[in-house]
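Participant: Mind looking over this structure? Questions follow.
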Amino acid sequence: MRHHSKGHLNVEDRDSVLIVRLDGGPHGVFGLEIANQLEALVDRVDRDPSVHAVVFTGAHPERFVSHADVRWLQEGGAAVPPVGRRGASVVARTARNVDRARVLAPLVNRTPLGPAVELERLHATFLRMNRSGVIFIAALNGSALGLGAEFAWANDLRVMADGNFFIGQPEVLLGIMPGGGGSQRLTRLIGTHKSLVAILEGKPFTPAQALADGAVDAVVPPDEVVTRAVELAAHFGSRTKGSVAAIKRAVYFGGSMSLTDGLHVERTEFLGTALSKDGQQLMLDYMESTESSGELPLYNPDIYKRALELGTVPGRRSTNGR
Amino acid sequence: MRHHSKGHLNVEDRDSVLIVRLDGGPHGVFGLEIANQLEALVDRVDRDPSVHAVVFTGAHPERFVSHADVRWLQEGGAAVPPVGRRGASVVARTARNVDRARVLAPLVNRTPLGPAVELERLHATFLRMNRSGVIFIAALNGSALGLGAEFAWANDLRVMADGNFFIGQPEVLLGIMPGGGGSQRLTRLIGTHKSLVAILEGKPFTPAQALADGAVDAVVPPDEVVTRAVELAAHFGSRTKGSVAAIKRAVYFGGSMSLTDGLHVERTEFLGTALSKDGQQLMLDYMESTESSGELPLYNPDIYKRALELGTVPGRRSTNGR
Amino acid sequence: MRHHSKGHLNVEDRDSVLIVRLDGGPHGVFGLEIANQLEALVDRVDRDPSVHAVVFTGAHPERFVSHADVRWLQEGGAAVPPVGRRGASVVARTARNVDRARVLAPLVNRTPLGPAVELERLHATFLRMNRSGVIFIAALNGSALGLGAEFAWANDLRVMADGNFFIGQPEVLLGIMPGGGGSQRLTRLIGTHKSLVAILEGKPFTPAQALADGAVDAVVPPDEVVTRAVELAAHFGSRTKGSVAAIKRAVYFGGSMSLTDGLHVERTEFLGTALSKDGQQLMLDYMESTESSGELPLYNPDIYKRALELGTVPGRRSTNGR
């Protein structure tokens, strides 16, 4: 019988922004229970038009998420003899198919495939965050290693506490490698070479290094981390949710494809927004303002400034909407 | 009946460099007429062996291109009921097929597909710029938003006027997203994360920020923008057109594919240049110079310096050619 | 009959690190003979569990590798009439198939396909370096142009001598383009735009510029280049070879694919390491240490520091192993 670490998410509702505290127990680890609750939360906020942003922070006083529950990683492997790369590929592929056919999930949870399917579902949750119109922000109140760092990279923005904290991927020092997306998202965040060196060495970034390399967006005193993250959540969350979703999909997914494939993703997402009710209304407003004022609104500095604050160009019809 | 913004390109011929001024009317917008004339221009210079570089600048005193003609974007959507992502994908795919079978174009211009096909054609023009042996340079005499910025990103180099100007993607503030390649080319120009944040926020870059992030290559006083761009055009345009085309294809297209696919693109383009008349002649010259001087020409600092100025390593045969 | 430049690799064995000096004759060029010996060396170290790192340096007093043997590049093309892009694509594709069916190689070495097959094999060698659990380090004792630079980009780390040296891709000045992976690996190393500009211009980087752009990892006095490279080789080579291979594959190959495809590569490589004997042992040790000490070992600064030095988290069982 498999050991399941306890752990849970504490959700605080602040209008269109949720603050979610990850409680991974005394060690602050990320285990199956947190993965399951995160999946349910992302599903809910993605569907709920009233939620525009989510701020994640750690319940532990000095850590965001320590790292994965190591037992969770280890147990799957212990049940089966060592497999080579070919075997691992088969397991990964089977897990993907099993995850797609969720009806089978209960059957495989007791088999060696169990952890691979759980990994597949965690990846699906992180990918859903990347596809969503919700802005996700990691408020790193302290350190984050391994899966803790990988969860941070899966957010859209990262605010980190200044101090004796660190963030990174130490897996190589345990004879393994990042498995929660770290080798892919850190690579796309800070570039291939810096990512390769960091992951091969296993040495984490200080807050200052993370900021300089673009691995985090802001470093602030520890007691301002959540406040600053909530400000960013309100600011970015004020944009039209349909636009946010389209932009995230085009940049995260299209941006990682070949240029021609990426451009096709952009055209698809663009047409979706251009044909949307929100988009149509804002564009009609924009044309009316241009005709009545004789100038393009975005070339009026006051209007552009207010638009950045409001999240949309102010206009006759659209101002009521939000 | 659809409204077509006026607008035209003024072309000035300076030997192997063309200077093209975009005149988008009093508001300096980029509409269908400019798109059509740009398509014809790119087609012409790509085929003409005597044209090595094109400098684009704005006819408006303070703007490169203000942004797209918003009516052009809006009208397509107004004719059809809002569609979801699935619908947008079908429209985008159909538009791609229609564009490939140009014979059908007149039939669809009056249907809701019209704007999608026009978008597809504009993307094809920008892609042709990326595949061409011609060096394209945006001489940003002032600001550029939306499609103006996207057109700048589709160029090979960007020189921007210093002053109270800006360049960026404000589409999110109109409930839409970049549709002229901005989510893809800005992402590949400055990196995934900086691009994501800029497009999600809708806030443009100042000239200094654009320079620091690599979004533009040089910032100079406004009255030096075109001069500087023409200098760069002459410098980069002095390279063999076949090499320029091969390099651009390998970096823009191969560089955005998986490493193994990209390497195959490189080998293909490399063999094309190595087997070319220009390549063969220059390599034979290089070997002769090596034998006669006893040293590799590129390890002679004076020869390397002159080669960078001339565009090719100077040699017995190749010097006549250019 | 084709001219084959002489050249050979001098191998010095220092426990788990090899130092390999490339001797490309008086001009220090990289020709077919060096390519063949490199292929054999990479094959050997990749299979040999006792070799953890290889340091490459140049036998020439002031150069790492001058550039390719130009005759090698030129001769293939001289035998056949100029071909267009379509022809080059066919040659490249045929070469790939021929290389896969090595049995045919002797038959084509005398045909125009010969050089294309040799190029294909050189690419295969560089790709094998990228897939390997061995750490490869270029100790750039001096300058490197063209294929010399491309060979350096194919290594995992680069240490360069300070002084009047340079590294870069001058091919455009010979009417050709990089053919040994430069347009792909430099692009992924320093970003699309900086790579495009450098390759289009043909101007090499000084050591300081290369360092600032991330094209090299360290610049040190000439007489410290090999020493520093060997230190890095020992440091990175102390990590588990299976982890190193998995991380390199995930970052180099997965990291250049679409995000979703890259994540699948990561999961496959991760499962391979998590199910490995090394990984299982180190994770079990980690859990035991956690239970006995009451704290996660990586949150004990002394243990983390020692782990970075040793290459693995110290533990009861794993300490004997290395």
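The values are calculated or read from the model by the stated rules, or taken from the named source; none is laboratory data. Keep in mind the model is a prediction, meaning the values are calculated, not measured. Cβ: placed from backbone, ideal geometry, glycine included. Neighbour counts: every protein chain shown. Areas reflect the complete protein model, heavy atoms only, side chains present, ligands, DNA and RNA absent. Shrake-Rupley method; radii C 1.70, N 1.55, O 1.52, S 1.80 Å.
Participant: Could you please let me know if B:Val225 is assigned to a helix (DSSP H, G or I) and on the phi < 0 side of the Ramachandran plot?
Facilitator: So B:Val225 passes the test.
Participant: Listed residues C:Arg249, C:Arg188; which is crowded, with 18+ Cβ neighbours inside 10 Å, at the interface with chain B (Cβ under 8 Å from one of its Cβ atoms) and part of a helix (DSSP H, G or I)?
Facilitator: None of the others qualify; the one that does is C:Arg188.
Participant: Does C:Glu33 qualify as being among the charged types (D, E, K, R), out of contact with any helix residue (DSSP H, G or I) (no Cβ under 9 Å at 6 or more places or on another chain) and open to solvent by 10 Å² or more (accessible area, probe 1.4 Å)? Before the answer, list the steps.
Facilitator: Values: among the charged types (D, E, K, R): yes; out of contact with any helix residue (DSSP H, G or I) (no Cβ under 9 Å at 6 or more places or on another chain): yes; open to solvent by 10 Å² or more (accessible area, probe 1.4 Å): yes.
Criteria met by C:Glu33.
Participant: Here is a further query. Only one of these conditions is not met by C:Gly179: (1) open to solvent by 20 Å² or more (accessible area, probe 1.4 Å); (2) outside any helix (DSSP H, G or I); (3) facing another protein chain (nearest Cβ under 7 Å). Which number is it?
Facilitator: Every condition holds for C:Gly179 apart from (1).
Participant: Please go through segment C:216-237 and pick out each residue that is aliphatic (A, V, I, L, M) and touching a His at 6+ places or on another chain (Cβ under 9 Å).
Facilitator: Selection gives C:Ala233, C:Ala234.
Participant: Can you tell me which of C:Glu288, C:Glu295 is farther than 27 Å from B:Thr260 by Cα, in a loop (DSSP other than H, G, I, E, B) and more than 7 Å from every other protein chain (Cβ to nearest Cβ)?
Facilitator: So the residue among C:Glu288, C:Glu295 that is farther than 27 Å from B:Thr260 by Cα, in a loop (DSSP other than H, G, I, E, B) and more than 7 Å from every other protein chain (Cβ to nearest Cβ) is C:Glu295.
Participant: Restricting attention to segment C:155-176, report how many residues are assigned to a loop (DSSP other than H, G, I, E, B) and touching a residue at least 24 places away in the same chain (Cβ under 8 Å).
Facilitator: 9
Participant: Which residue, of A:Leu200, A:Leu271, A:Leu232, is over 21 Å from A:Leu157 (Cα atoms), surrounded by 19 or more Cβ atoms within 10 Å (Cβ to Cβ) and within 13 Å of chain B (Cβ to nearest Cβ)?
Facilitator: Unique residue meeting the criteria: A:Leu271.
Participant: While we're here: Find all pairs meeting these conditions: Cβ atoms under 8 angstrom apart; at least six residues apart or on different chains; first residue within segment B:130-152 and closer than 20 Å to B:Val220 by Cα; second residue part of a strand (DSSP E or B) and of a type in the set (S, T, N, Q).
Facilitator: Qualifying pairs under 8 Å: B:Ala138/B:Thr57; B:Ala139/B:Thr57; B:Leu140/B:Thr57; B:Asn141/B:Thr57.
Participant: Exactly one condition in (1) open to solvent by 20 Å² or more (accessible area, probe 1.4 Å); (2) closer than 23 Å to A:Pro26 by Cα; (3) modelled with pLDDT under 95 is not met by C:Asn320; state its number.
Facilitator: C:Asn320 satisfies all of (1) open to solvent by 20 Å² or more (accessible area, probe 1.4 Å); (2) closer than 23 Å to A:Pro26 by Cα; (3) modelled with pLDDT under 95 except (2).
Participant: Another one. For segment C:114-154, give me each residue that is touching a strand residue (DSSP E or B) at 6+ places or on another chain (Cβ under 8 Å), of a type outside the set (Gly, Ala, Ser) and not in a loop (DSSP other than H, G, I, E, B).
Facilitator: C:Met129, C:Ile135, C:Phe136, C:Ile137, C:Leu140, C:Leu145, C:Leu147, C:Phe151
Participant: Among what's in segment C:36-55 and is open to solvent by 10 Å² or more (accessible area, probe 1.4 Å) and in contact with a Lys or Arg (Cβ under 9 Å, 6 or more places away or on another chain), pick the residue that is farthest from C:Val230 (Cα to Cα).
Facilitator: Per the criteria, the residue is C:Asn36.
Participant: Exactly one condition in (1) within 19 Å of the chain's Cα centre (by Cα); (2) surrounded by fewer than 20 Cβ atoms within 10 Å (Cβ to Cβ) is false for C:Leu284; which is it?
Facilitator: (1)
Participant: Residue check, A:Ser256 against (1) surrounded by fewer than 22 Cβ atoms within 10 Å (Cβ to Cβ); (2) among the small types (Gly, Ala, Ser); (3) not assigned by TED's automatic domain parsing to the domain that holds A:Leu157, all met but one. Which one?
Facilitator: Status for A:Ser256: all satisfied but (1).
Participant: Mind listing whichever residues of segment B:203-229 are open to solvent by 40 Å² or more (accessible area, probe 1.4 Å) and among the small types (Gly, Ala, Ser)?
Facilitator: B:Ala208, B:Ala212
Participant: What are the residue pairs meeting all of these: first residue in segment A:220-240, first residue farther than 20 Å from A:Ala210 by Cα, second residue small (Gly, Ala, Ser) and in a helix (DSSP H, G or I), Cβ atoms under 8 Å, and 6 or more apart or on different chains?
Facilitator: Note: pairs meeting the criteria are A:Thr240/A:Gly279.
Participant: Something else: For segment A:10-60, give me each residue that is more than 16 Å from the chain's Cα centre (by Cα) and part of a strand (DSSP E or B).
Facilitator: A:Asn10, A:Val11, A:Glu12, A:Asp13, A:Arg14, A:Asp23
Participant: Moving to a separate point now. So which residues in segment A:191-205 are under 18 Å from C:Leu308 (Cα atoms) and either part of a loop (DSSP other than H, G, I, E, B) or among the aromatic types (Phe, Trp, Tyr) (or both)?
Facilitator: A:Gly202, A:Lys203, A:Pro204, A:Phe205
Participant: Anything in segment A:140-162 that is away from chain C (no Cβ under 12 Å) and in contact with a Pro (Cβ under 6 Å, 6 or more places away or on another chain)? List them, or say none.
Facilitator: Correct list: A:Met160, A:Ala161, A:Asp162.
Participant: Among the numbered criteria (1) over 30 Å from C:Tyr252 (Cα atoms); (2) within 21 Å of the chain's Cα centre (by Cα); (3) not assigned by TED's automatic domain parsing to the domain that holds B:Gln169, which single criterion is violated by B:Tyr304?
Facilitator: It is condition (2) that B:Tyr304 fails.
Participant: Identify, from the list B:Arg102, B:Arg86, the residue that is at pLDDT 60 or above, surrounded by fewer than 15 Cβ atoms within 10 Å (Cβ to Cβ) and of a type outside the set (Gly, Ala, Ser).
Facilitator: Among B:Arg102, B:Arg86, only B:Arg86 is at pLDDT 60 or above, surrounded by fewer than 15 Cβ atoms within 10 Å (Cβ to Cβ) and of a type outside the set (Gly, Ala, Ser).
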